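Engineer: I have a structure I would like to understand better, so I am pasting it below and will then ask my questions one at a time.
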Amino acid sequence: MRSISIFGATGSIGESTFDLIRRAGGAVTYRTVALTGGRNIARLAEMARELRAEVAVTAHEDELPALRAALAGSGVEATAGATAIAEAADRPADWTMSAIVGAAGLVPGLRALRHGRMLALANKESLVTAGTLLMQTARDHGATILPVDSEHSAVFQALTGEDMRAVERVIITASGGPFRDWPLDRLAAATVHQAVAHPNWSMGQRISIDSASMFNKALELIETREFFGFAPDQIEVLVHPQSIVHALVGFCDGGVMAHMGPPDMRHAIGFALHWPERGQVPVARLDLAALGQLTFQSPDEVRFPALRLAREVMRTRGLSGAAFNAAKEIALDHFIAGKLAFLDMAAVVEGTLDRLSGEIALGAGIPDLDAVLATDHLARIRADELARTRHRNS
Ligand code: NDP
């Protein structure tokens with residue numbers, strides 16, 4: 001029986017993964033090792049009971065009594081805290097889903113890779129923060145990383161059986177989010193409520209806002225660079241409002257392979273779950289005649305400066321991804337709290353990168369975990385300082 005763990009089980013990707021596991025027979029087909037969550041204790045306990053998990057872990061130590069109570073009599077062990085999440089990644093599992101949101105996903109992902117595991121990676125922040133380290137760890141320990149972001153799963157699928165030397169360029173698509181055609185003055189006043197209303201995808205709050213600001217696409221540009229190793233000028237973004245074509249790979253003979261699918265994350269998750277085979281996945285089938293047309297346009301880096309900042313990070317590499325991601329997470333916190341204007345998120349990230357480049361060697365060498373975590377910490381402090389100077393009420 002195949003064993004699995006889901007990190008971030010109570011989130012949007014975690015729920016979709018759970019749905020696929022359950023439809024495939026749940027505890028009858030899969031042995032569940034670890035399920036982790038944050039504050040949604042009731043749901044975590046419910047999932048752990050249904051899949052008869054070995055252990056359920058909450059990220060928050062103050063939630064442990066509630067988790068223990070919710071699991072009473074189930075035989076599922078309950079643990080709590082960031083260390084407990086990392087320890088859960090040490091437990092042997094054939095397949096691990098990395099779907100914690102933010103940089104908190106990095107350490108458990110690395111721990112799973114150090115055991116040579118198969119890691120389905122939705123947590124793009126860990127590739128952005130420590131791409132070189134993550135890929136090197138996978139190589140050193142014979143581990144496999146399967147991309148779960150829909151664009152990267154699409155590139156991965158389009159590259160299957162191809163010679164990487166024949167690839168000229170890779171194009172990842174962006175729906176453009178809810179603000180695709182908004183002018184700058186309207187963007188300046190955009191609210192959290194407007195930003196989470198994604199036209200095509202149903203996702204967690206943070207990634208939905210990142211889609212509206214195109215910080216999500218910025219992270220994905222860096223993710224493409226780190227995961228596949230393409231040079232920055234080989235990677236393009238194309239706005240495609242229908243979200244049917246997820247990525248395209250252009251080859252040296254002029255041919256282009258496009259990957260299409262419905263905007264449902266269960267395709268990419270199911271692909272990773274069944275890899276290297278293909279299994280049945282219950283997503284809607286494409287009806288291109290009903291869709292009628294697919295449209296494409298160039299991205300606007302003036303209205304969406306996150307893309308320009310990502311290109312800088314792709315060139316600098318080293319510790320700049322850790323700084324970029326941490327600053328973005330803090331700017332997003334301030335926006336969600338209603339303190340920072342939508343467009344000021346990019347200004348905070350740019351300002352943080354500028355300040356940090358005067359304090360540490362952002363582009364130096366191949367960083368180790370300590371250097372990554374120290375940069376993440378410092379960038380959060382600097383981004384918080386900068387965000388406060390821009391608060392709407394101050
Ligand atoms: P959600 O916000 O829906 O879920 C996040 C999960 O992480 C929840 O289980 C949450 O617990 C848990 N969590 C939150 N903070 C912490 C923490 N500090 N430590 C440990 N666990 C924590 O996120 P999504 O599912 O939308 O996204 C997950 C990852 O997948 C992100 O990296 C995102 O960029 C990526 N991704 C998501 C896509 C999507 O369609 N949603 C598409 C492609 C990639 P709880 O809710 O119980 O508090």
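The values are calculated or read from the model by the stated rules, or taken from the named source; none is laboratory data. On a predicted model such as this, the values are computed, not experimentally measured, just so you know. Positions of Cβ are backbone-derived with ideal geometry, glycine not excepted, and every protein chain shown enters the neighbour counts.
Engineer: Quick check on my filter: what residues within the range 24-66 are over 23 Å from the mean Cα position of the chain (by Cα) and buried (at least 23 other Cβ atoms within 10 Å of the Cβ)?
Structural biologist: Kept after step one, since they are over 23 Å from the mean Cα position of the chain (by Cα), are these residues of the range 24-66: 24-31, 42, 45-46, 48-55, 61-66.
Answer for the range 24-66, where residues must be over 23 Å from the mean Cα position of the chain (by Cα) and buried (at least 23 other Cβ atoms within 10 Å of the Cβ): Ala45, Ala48, Leu51, Ala53.
Engineer: Could you please let me know if Leu127 is crowded, with 24+ Cβ neighbours inside 10 Å, touching a strand residue (DSSP E or B) at 6+ places or on another chain (Cβ under 6 Å) and under 13 Å from Phe227 (Cβ atoms)?
Structural biologist: no
Engineer: Looking at the range 103-139, which of its residues are touching a Leu at 6+ places or on another chain (Cβ under 9 Å) and near the ligand (Cβ under 10 Å from one of its atoms)?
Structural biologist: Result: Ala103, Gly105, Val107, Leu121, Asn123, Lys124, Glu125, Ser126, Leu127, Val128.
Engineer: Any idea how many residues of the range 1-37 are closer than 21 Å to Thr83 by Cβ, free of Cβ contacts under 8 Å to residues at least 60 places away in the same chain and near the ligand (Cβ under 8 Å from one of its atoms)?
Structural biologist: So the answer is 2.
Engineer: Just one of (1) within 16 Å of the ligand (Cβ to nearest atom); (2) surrounded by 15 or more Cβ atoms within 10 Å (Cβ to Cβ); (3) on the phi < 0 side of the Ramachandran plot trips up Ala82, so point out which.
Structural biologist: It is condition (2) that Ala82 fails.
Engineer: Going by what's in this entry, would Ala387 be described as modelled with pLDDT of 95 or more, touching a His at 6+ places or on another chain (Cβ under 8 Å) and either over 19 Å from Glu226 (Cα atoms) or surrounded by fewer than 18 Cβ atoms within 10 Å (Cβ to Cβ) (or both)?
Structural biologist: Judged against the criteria, Ala387 is a match.
Engineer: What are the residues in the range 177-233 that are under 20 Å from Val245 (Cα atoms), within 16 Å of the ligand (Cβ to nearest atom) and not in a helix (DSSP H, G or I), if any?
Structural biologist: Result: Gly177, Pro178, His198, Pro199, Asn200, Trp201, Ser202, Met203, Met214.
Engineer: Now a separate question. Given the conditions (1) within 13 Å of the ligand (Cβ to nearest atom); (2) part of a strand (DSSP E or B), report the number of the one that Ile171 does not fulfil.
Structural biologist: (1)
Engineer: Tell me which of these Thr224 doesn't satisfy, since it passes every other one: (1) in contact with a strand residue (DSSP E or B) (Cβ under 7 Å, 6 or more places away or on another chain); (2) over 14 Å from Val170 (Cα atoms).
Structural biologist: Just one mismatch for Thr224, condition (2).
Engineer: Look at the range 85-102 and say how many of its residues are of a type in the set (S, T, N, Q) and either farther than 28 Å from Leu373 by Cβ or within 12 Å of the ligand (Cβ to nearest atom) (or both).
Structural biologist: The number of residues fulfilling the criteria is 1.
Engineer: Can you name every residue in the range 277-310 that is in a helix (DSSP H, G or I) and surrounded by 12 or more Cβ atoms within 10 Å (Cβ to Cβ)?
Structural biologist: Kept after step one, since they are in a helix (DSSP H, G or I), are these residues of the range 277-310: 288-291, 306-310.
Residues satisfying the conditions are Ala306, Leu307, Arg308, Leu309, Ala310.
Engineer: Here's a follow-up. Starting from the range 46-74, keep only residues that are in contact (Cβ under 8 Å) with a residue 12 or more places away in the chain, then list their pairs with residues that are more than 15 Å from the ligand (Cβ to nearest atom) and hydrophobic (A, V, I, L, M, F, W, C) whose Cβ atoms are within a distance under 6 Å, requiring at least 6 positions of separation or different chains.
Structural biologist: From the range 46-74, the pairs are Ala48/Val76; Leu51/Ala27; Arg52/Ala27; Ala53/Val76; Glu54/Val33; Ala56/Val76.
Engineer: Still on this structure, please answer the following. Give the residue, chosen from Glu63, Glu50, that is of a type in the set (Asp, Glu) and within 12 Å of the ligand (Cβ to nearest atom).
Structural biologist: Glu63
Engineer: Output the number of residues of the range 349-362 satisfying the condition of being surrounded by fewer than 14 Cβ atoms within 10 Å (Cβ to Cβ) and under 13 Å from Ala322 (Cα atoms).
Structural biologist: 1
Engineer: Can you tell me which residue within the range 185-213, out of those that are charged (D, E, K, R) and farther than 14 Å from Val101 by Cα, is surrounded by the fewest Cβ atoms within 10 Å (Cβ to Cβ)?
Structural biologist: Top of the filtered list is Asp185.
Engineer: Sticking with this structure for a sec: State which residue pairs qualify: first residue over 16 Å from Arg206 (Cβ atoms) and part of a helix (DSSP H, G or I) and inside the range 122-147, second residue β-branched (Val, Ile, Thr) and within 16 Å of the ligand (Cβ to nearest atom) in any location, beta carbons under 7 Å apart, and separation of 6 or more residues or different chains.
Structural biologist: Once the first residue is over 16 Å from Arg206 (Cβ atoms) and part of a helix (DSSP H, G or I) and sits in the range 122-147, its partners that are β-branched (Val, Ile, Thr) and within 16 Å of the ligand (Cβ to nearest atom) give Ala138/Ile145.
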